[in-house]
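The values are calculated or read from the model by the stated rules, or taken from the named source; none is laboratory data. What you see is a predicted model; the values in this text were computed from it and never measured. Ideal geometry is used to build each Cβ from the backbone, glycine not excepted, and the neighbour counts take in all protein chains shown.
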Amino acid sequence: MKTNRIMLVTGLVALAVGFTAGRLIFGGPSGKTGEEKVAVQEETGLYTTWTCSMHPQIRQSEPGDCPICGMELIPLDEADHEETDPAAIHLSETAIQLGNVRTASVEKTEAFKTVRLYGMIDTDERLVYTQPAHIPGRIEKLMVSFTGEYVRKGQLLARVYAPDLVTAQQELFEAENVKDTQPGLLAAAIEKLRSWKIPESLIEQTLRSGKPQREFDIPADRSGFVMERRVKEGDYVGRGQAMYTLADLSRVWVLFDVYEQDLIWIHPGNLVNFTVQSMPGESFQGKISYVDPVIDPKTRVARARAVVINDGLKLKPGMFVTGRVDARLEEKSGLISVPVSAVMWTGKRSLVYVRTGSANGARFAMREVVLGPMLDDRYIIESGLQEGEEVAVSGTFSIDAAAQLSGKPSMMLHPEAKTMEVPQSFRRQITSAAQVYFDVKNALVNDLPGDARQAAGKLAGLLGEVGTEQMEPAARRSWMEIYENLSGAARLLAATDEIGEQRRHFNMLSEYILEMTERFGLETDTVYRLYCPMAFDNTGAYWLSESDEVLNPYFGEIMLRCGEVKETYFRDIPVPEKEHEPEAQPATGHNH
């Protein structure tokens, strides 16, 4: 018994602690019940705004039922009453401290970034030379026999036995003997030897000696290091056959791997500072001279090349290097940015929490942003924020958890928006069309088929004047599909005076007016989607209204109050994409 009593006391204490902590973290109610608040309002003469606990976007100036779910409305707390954004979450000062919430201002910034690059030293392809054999024959001796040896221009590389040259020398001697009568033969014989790059001095020496030379030397045409030896002693070589690959290493390439996200920063002309592991503490500098125009499909990188003078031959091909480029985007100046920690991701969207002032604590509203390039520790913001706004940079997940528990938009409760981005000029035009639609609706409410016909004709003409300039292709295609159905329904309604026919066409007209409203939004603070379950032999029908007062256009005076508000559309608040349109059933707020 004593044990049970101890457990009971312990449970009550834990419950009290949890309740107190919850009130501290989420700002807690003021402690007054709804009836107490009403009593205080009656005593003081001050009346508050009423909202729905399940649909906080609902705001009314008097008690009643929620037009969406039918629940009884409750008065807002004083802190909540300050709220202008129904999607914002209020946090008390205590909650801000417990959640370690910190904010930073959206600032103008220059597009600077330090890009880290990794690569390796390579030979300059323009200083690589293939040494050929100018004389056909058999290699009797190789003077340069290993890779890596340095040779100078004119240095002896190999000695070749060349039977063809022996024959050519015999022809030279014969031409020398008949040069007085046939001087052209001597010139041809000398030119033949020159074509094999036999030096003039050797030709003259051969003529003086009168004896053919059987072995000939092959000198180096250029200076450089032997990168590859392609022949050995005893090999037969043809005229022009490659013997060595030589490379001048006085100037080298540094090839850096550049990932796709960094390509926007790397351009010819960028200075790059780099180090090599074998020479700690020593830094080298070069200039980017070339960036690959394609991405390697296997490594997903492009190569950036820097040309570097290799003083002292310290830089050796194959060395790994680590580089740093202090880059700037010249075409992007005066941009705004936020710290990296401010941005959260949900699928394709990038989100931030924007802070607004409050008498007690602060309000945070989730906002979608379009990110530009990433700087060192900040993101450039292409759209979605303005300079001077405050965003949360720490404790963002605490804010998101509070928003989720309050039924506000959050990372977990943030459905894809159905509303599309369109120019404001386009939205003003379709708002004018919606106003004429309301004229059609009101004419049917008042059983005036003539007025309904006239307004429908005006609506058809107005829809044809809506411009689609500067609209994105996807938005334009969506509008054209809606426009064809809208204008068709308006013309059919304008073509008849029979009010029953008009109401059938009005049903189709309303379907696409509602689609237009959800897809593009209107320049009106609030409009309402209403539903009558008894229209058209109890199949039901919707309509759009500028007021939440139920005035039924499908029955007119017969059942004027039949219907209910199903949804409220707010200006500048996107409509979420619905997975399916549920069957509308009469609710407690339904009128007859």
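Brief remarks on what is shown
- The stretch 282-308 - residue that is outside any strand (DSSP E or B) and basic (Lys, Arg) and, of those, surrounded by the fewest Cβ atoms within 10 Å (Cβ to Cβ): Lys298
- Condition met for Glu421 (at negative phi, surrounded by fewer than 18 Cβ atoms within 10 Å (Cβ to Cβ) and touching a residue at least 24 places away in the same chain (Cβ under 8 Å)): yes
- Scan the stretch 561-579 for residues that are among the aliphatic types (A, V, I, L, M), in contact with a strand residue (DSSP E or B) (Cβ under 9 Å, 6 or more places away or on another chain) and not in a strand (DSSP E or B) and the total you get is 1.
- Residues in the stretch 98-117 that are touching a Gly at 6+ places or on another chain (Cβ under 7 Å) and part of a strand (DSSP E or B): Arg102, Ser105, Lys108, Leu117.
- Pairs with Cβ under 8 Å, 6+ apart, first in the stretch 343-361 and at pLDDT 85 or above and surrounded by 10 or more Cβ atoms within 10 Å (Cβ to Cβ), second among the acidic types (Asp, Glu) and not in a loop (DSSP other than H, G, I, E, B): Met344/Asp400; Ser350/Glu368; Leu351/Glu368; Tyr353/Asp400; Val354/Glu390; Arg355/Glu390
- Screening the stretch 102-116 for residues that are under 19 Å from Arg324 (Cα atoms) and surrounded by fewer than 18 Cβ atoms within 10 Å (Cβ to Cβ) and picking the one that is modelled with the highest pLDDT gives Arg116.
- Any chance Leu462 is at pLDDT 95 or above, crowded, with 17+ Cβ neighbours inside 10 Å, in the same structural domain as Glu546 (by TED's automatic domain parsing) and within 25 Å of Arg571 (Cβ to Cβ): no
- Subset of the stretch 459-472 [in contact (Cβ under 8 Å) with a residue 12 or more places away in the chain and over 17 Å from Met508 (Cα atoms)]: Leu462, Gly464, Glu465, Val466, Gly467, Thr468, Glu469, Gln470, Met471, Glu472
- All positions within the stretch 533-559 that are more than 49 Å from the chain's Cα centre (by Cα) and among the charged types (D, E, K, R): Asp537, Glu557
- Remark: Lys441 matches the filter, which requires a residue to be part of a helix (DSSP H, G or I) and of a type in the set (Lys, Arg).
- Residue selection: Thr431 fails the criterion of being outside any helix (DSSP H, G or I) and either in contact with a helix residue (DSSP H, G or I) (Cβ under 6 Å, 6 or more places away or on another chain) or not basic (Lys, Arg) (or both).
- Flag if Leu165 is touching a strand residue (DSSP E or B) at 6+ places or on another chain (Cβ under 9 Å), part of a helix (DSSP H, G or I), touching a residue at least 40 places away in the same chain (Cβ under 8 Å) and surrounded by 13 or more Cβ atoms within 10 Å (Cβ to Cβ): yes
- For the stretch 377-398, the count of residues that are surrounded by fewer than 16 Cβ atoms within 10 Å (Cβ to Cβ), farther than 30 Å from Ala104 by Cβ and touching a helix residue (DSSP H, G or I) at 6+ places or on another chain (Cβ under 7 Å) is zero.
- Positions within the stretch 269-281 being of a type outside the set (S, T, N, Q), in a strand (DSSP E or B) and surrounded by fewer than 17 Cβ atoms within 10 Å (Cβ to Cβ), in sequence order: Leu271
- Hey, Ala495 within 18 Å of Pro423 (Cβ to Cβ), surrounded by fewer than 19 Cβ atoms within 10 Å (Cβ to Cβ) and either in contact with a Phe, Trp or Tyr (Cβ under 7 Å, 6 or more places away or on another chain) or among the small types (Gly, Ala, Ser) (or both) or not: no
Table: residues versus (1) over 18 Å from Ala443 (Cβ atoms); (2) of a type in the set (Lys, Arg); (3) part of a helix (DSSP H, G or I).
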position: Tyr483; (1), (2), (3): yes, no, yes
position: Gly488; (1), (2), (3): yes, no, yes
position: His505; (1), (2), (3): no, no, yes
position: Ser510; (1), (2), (3): no, no, yes
position: Tyr531; (1), (2), (3): yes, no, no
position: Leu551; (1), (2), (3): no, no, no
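- From the options Ala455, Ala403, residue that is closer than 30 Å to Thr94 by Cβ and either in contact (Cβ under 8 Å) with a residue 12 or more places away in the chain or assigned to a helix (DSSP H, G or I) (or both): Ala403
- Residue match in the stretch 534-543 (condition: aliphatic (A, V, I, L, M) and within 14 Å of Tyr437 (Cβ to Cβ)): no
- Every residue from the stretch 505-531 that is out of contact with any Ser or Thr (no Cβ under 9 Å at 6 or more places or on another chain), modelled with pLDDT of 95 or more and more than 20 Å from Leu463 (Cα to Cα): Tyr531
- Here Ile309 passes the criteria (1) modelled with pLDDT under 80; (2) closer than 30 Å to Gly148 by Cβ; (3) not hydroxyl-bearing (Ser, Thr, Tyr) except the one numbered (1).
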